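This report refers to the structure that appears directly beneath it.
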Amino acid sequence: MVNAVSPPPGAKVIDGRAVAAKIRLELASRIRNLVERHQVTPGLAVILVGDNPASEVYVRNKVLACAQVGVHSTKYRLPSTTTTEHVIDLIATLNSTPSIHGILVQLPLPVHVDMRLVLECIAVQKDVDAFHLYNVGALVTGGTIFSPCTPYGVMKLLDHEHIPVAGQNIVVVGASNIVGKPMALMLMQRDATVCICHAKTRDLAQFTILADILVVAAGRPNLILPQMVKTGAVVIDVGINRMPDGSIAGDVDFEGVRAKASYITPVPGGVGPMTVTMLLENTVAAAERLVAGRAPA
Ligand code: NAP
């Protein structure tokens, strides 16, 4: 008799598009409530300076996503010659515009525009990208008004799959201000034991192999190979890499790691759809907070 050995079942692929669609449905209902009970439509102002083609695509997607759920969006397209002062003046106006609940400055800005100064001018209660130093600092102490969209999206995916975070060994690969660092802080606030790796980490695999949950945001295709991942680990791939054949890939060897992990996110279709959804969530939350402060229902 042949003793058949069944292949490992392979990881559950977390469908970020489906989770994002579910959250957007809930958002649409919250927006209807705001409109019907408070006559308030959440409003997002998006500022785009210059003509970076990638930024144009991101802004277009954000504006489209707003329209889909019922957030009112206004796009401010400024020429690449725009000065720091001009951007700050526009932000000051938007800070005091009641119909605008969230302000987003699409990054990167042209080099002559002082990004730090610009971001610091956004009113903290309208800082839906969470890049203002108040929100960055509050991530450390645990009192954020808004969470940065990509790590927030990762947390939502983990929660949606009922993956426990507290007490888990979590390795974050990538230490940028936009993804890696806030990701690590948000996980720490949920009582995970967190290790952050970056480009100068010696022998990355000695860290990744210990991870119960591995979050990868390095922007390096095939950085994470199966032998670097613990059997049964949860693997979240934040990376987005444009490959020579025009396709999009993450940072993880998807097929190889899938055979070993318990959960894995695909690229595309994993974390990506969650990022814009969390921007919508932050904008709706900003409008709800304003309404609650003004006149509790
Ligand atoms: P980034 O600012 O370039 O930061 C990359 C980070 O990865 C840095 O901390 C860098 O280390 C580290 N790194 C680079 N090579 C590494 C290596 N070989 N081993 C270990 N660490 C390495 O990029 P980012 O803005 O954080 O974005 C990271 C990736 O996520 C990109 O592919 C980006 O497109 C993607 N992304 C996706 C979404 C989404 O919605 N899915 C949102 C944002 C970003 P050093 O600090 O030492 O340089």
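The values are calculated or read from the model by the stated rules, or taken from the named source; none is laboratory data. Model, not experiment: these values are computed from the prediction. Here Cβ is always computed from backbone atoms with ideal geometry, including for glycine, and neighbour counts include all displayed protein chains. Accessible surface is based on the protein model in full, side chains and every heavy atom, while ligands, DNA and RNA are left aside. Shrake-Rupley method; radii C 1.70, N 1.55, O 1.52, S 1.80 Å.
Tabulated results
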{"item": "Verdict on GLN227 being in contact (Cβ under 8 Å) with a residue 40 or more places away in the chain and either on the phi > 0 side of the Ramachandran plot or over 18 Å from the mean Cα position of the chain (by Cα) (or both)", "result": "no"}
{"item": "Which listed residue, of ILE100, ILE88, is touching a residue at least 12 places away in the same chain (Cβ under 8 Å), open to solvent by less than 80 Å² (accessible area, probe 1.4 Å) and part of a loop (DSSP other than H, G, I, E, B)", "result": "ILE100"}
{"item": "From the options THR275, THR283, residue that is β-branched (Val, Ile, Thr), within 10 Å of the ligand (Cβ to nearest atom), surrounded by 19 or more Cβ atoms within 10 Å (Cβ to Cβ) and in a helix (DSSP H, G or I)", "result": "THR275"}
{"item": "Odd one out for GLY70 among (1) surrounded by fewer than 14 Cβ atoms within 10 Å (Cβ to Cβ); (2) at positive phi; (3) within 21 Å of the chain's Cα centre (by Cα)", "result": "(1)"}
{"item": "Selection status of LYS75, out of contact with any His (no Cβ under 9 Å at 6 or more places or on another chain) and without any contact (Cβ under 8 Å) to a residue 60 or more places away in the chain", "result": "yes"}
{"item": "Answer residue from region 244-263, given it is within 14 Å of the ligand (Cβ to nearest atom) and assigned to a strand (DSSP E or B) and is farthest from PRO221 (Cα to Cα) among those", "result": "ILE248"}
{"item": "Search result, residues across region 103-119 that are part of a helix (DSSP H, G or I) and open to solvent by less than 40 Å² (accessible area, probe 1.4 Å)", "result": "VAL118, LEU119"}
{"item": "Residues located in region 42-56, provided they are open to solvent by 60 Å² or more (accessible area, probe 1.4 Å) and either touching a residue at least 60 places away in the same chain (Cβ under 8 Å) or outside any loop (DSSP other than H, G, I, E, B) (or both)", "result": "PRO53"}
{"item": "GLY239 on the phi > 0 side of the Ramachandran plot and touching a residue at least 24 places away in the same chain (Cβ under 8 Å)", "result": "no"}
{"item": "Any chance LEU25 is exposed (fewer than 15 other Cβ atoms within 10 Å of the Cβ) and modelled with pLDDT of 95 or more", "result": "yes"}
